[in-house]
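Written out below as structure tokens is the structure these notes cover.
The values are calculated or read from the model by the stated rules, or taken from the named source; none is laboratory data. Because the structure is predicted, anything quoted here is derived from the model rather than measured. FYI the Cβ positions are ideal-geometry reconstructions off the backbone, even for glycines, and counts take in every protein chain you see. The protein model used for the area step is the full one, side chains on, heavy atoms only, and it has no ligands, DNA or RNA in it. Shrake-Rupley method; radii C 1.70, N 1.55, O 1.52, S 1.80 Å.
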Amino acid sequence: MVPSLFLAHGSPMLAIEQTDYTRFLSELAGKMKPKAIVVFTAHWEQPVTTVSSSDDVYETIYDFGGFPDELYRVKYPARGSSVVAGIVKDRLSKHGIEFAEDKSRGLDHGSWTLLHRMYPEADIPVVQVSVNPYLPPEEQFKIGEALRGLGDDDILVIGSGVTVHNLRIIKWGQKTAEPWAVEFDDWLIEQIGKGDTAALFEYAGKAPHARMAVPRAEHFVPLFIAMGSGDPGRKPEVIHRSYDMGTLSYLCMQF
């Protein structure tokens, strides 16, 4: 059995840098070798939950600009899995969640940068799933709930995003965290620990500095999906916490 994870994908540079966070990702992967991975990525937005449904090798998408040439030479040739995609679609359908399928889209950096550090051999099938940042948190949680129990079948569900993600106010070169960013994550961790989903669903009005931390929800909603897909009998756990450029959170949770 594997847990459900919320992982911060942060800067694309994590694919080639050696940091405490990239070492954490490698060590985390060493503790689990799932038979398949389902990843909800903040960098694929669709109005309807869309599931990659091909068995082909994914194209590596470089959905960013202005980075070193070395980064654009990284390939992550994982295969998809129509079988696992079928399981995901079946569960969504049984929970009344509308879905679509995609047979051609590659892996964006919300998926491959993390997976490149975790499973560099690219030998685990991957099913990539889109997010809709305009759905309320309750609906995001329900999408995750539809997939609850996949971990019992050794299928790892990952919500790939960032809790504090405001690129307009990042502090270039600053390694210490801005106090307000820490306060926002502290609040999240406290509510998650108490199991107070009602407060979490109202984070925009209740969490300190929510507007600064989450100016747009696409990077935040994978947290609710990961939370919903987790085992309710398992105590949520902070498995990593660090910050980069003052305001970019690398908070990671296990559910």
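Here are the numbers for this structure:
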{"quantity": "In sequence order, calculated HN-Hα J values of the range 169-184 (Karplus, 6.51, -1.76, 1.60; Hz; x Gly/Pro)", "calculated": "10, 5, 10, 4, x, 7, 9, 7, 7, 5, x, 5, 5, 5, 4, 5"}
{"quantity": "Spin-label model distance (nm) - residue 93 vs residue 1, 7 Å beyond Cα toward Cβ", "calculated": "2.8"}
{"quantity": "Of every Cα-Cα pair in the range 186-231, the percent that sits beyond 15 Å", "calculated": "42"}
{"quantity": "Antiparallel bridges, percent of DSSP beta bridges restricted to the chain (to nearest 5)", "calculated": "30"}
{"quantity": "Lysine-lysine proximity count for the chain, Cα under 15 Å, sequence distance 8 or more or distinct chains", "calculated": "4"}
{"quantity": "Projected label distance in nm at residue 62 and residue 175, using a 7 Å step from Cα toward the beta-carbon", "calculated": "2.9"}
{"quantity": "Extreme residue, positive dipole direction of the range 89-239, given options 225, 173, 125 (C-beta unit charges)", "calculated": "173"}
{"quantity": "Cα gyration tensor of the range 62-181 - equivalent ellipsoid semi-axes, whole Å, descending", "calculated": "28, 21, 14"}
{"quantity": "Kirkwood Rh and Cα Rg combined as Rg/Rh, the range 60-103", "calculated": "1.20"}
{"quantity": "All Cα pairs of the range 99-151, percent lying beyond 15 Å", "calculated": "61"}
{"quantity": "Solvent exposure of the range 76-193 as accessible area per residue, Å², 1.4 Å probe", "calculated": "43"}
{"quantity": "Inter-site label distance for residue 17 and residue 83 at 7 Å from Cα along Cβ, in nm", "calculated": "3.9"}
{"quantity": "Zone residues, the range 153-188, relative to residue 216, backbone N less than 13 Å from point 7 Å out along Cα-to-Cβ", "calculated": "165-168"}
{"quantity": "Karplus-derived HN-Hα couplings along the range 139-144 (A = 6.51, B = -1.76, C = 1.60, θ = phi - 60°), whole Hz, x at Gly and Pro", "calculated": "6, 4, 4, 5, 4, x"}
{"quantity": "Hull volume in cubic angstrom per residue (convex hull over the Cα atoms of the chain)", "calculated": "113"}
{"quantity": "Accessible-area composition of the chain, carbon plus sulfur, in percent [1.4 Å probe]", "calculated": "50"}
{"quantity": "Per-bin percent of Cα-Cα distances, the range 10-54 [5 Å]", "calculated": "5, 14, 19, 19, 20, 15, 7, 1"}
{"quantity": "In Hz, Karplus ³J(HN,Hα) per residue of the range 75-86 (6.51, -1.76, 1.60; θ = phi - 60°; x = Gly, Pro)", "calculated": "10, 10, x, 6, 9, x, 8, 5, 5, 5, 4, x"}
{"quantity": "Length-normalised contact order of the range 1-111 in % [C-alpha pairs under 8 Å, at least 6 apart]", "calculated": "39"}
{"quantity": "Long-range HN-HN contacts of residue 44 with modeled amide H, under 5 Å", "calculated": "131"}
{"quantity": "The range 113-229, Cα convex hull volume normalised per residue, Å³", "calculated": "128"}
{"quantity": "Residues of the range 1-51: accessible area per residue with a 1.4 Å probe, Å²", "calculated": "37"}
{"quantity": "Compactness index (Cα Rg / 2.2 N^0.38 Å), the range 25-120", "calculated": "1.15"}
{"quantity": "Interatomic Cα distance distribution for the range 166-255, bins of 5 angstrom, percent", "calculated": "3, 13, 25, 26, 19, 9, 4, 1, 0"}
{"quantity": "Accessible surface, the range 203-245, averaged per residue in Å² (probe 1.4 Å)", "calculated": "45"}
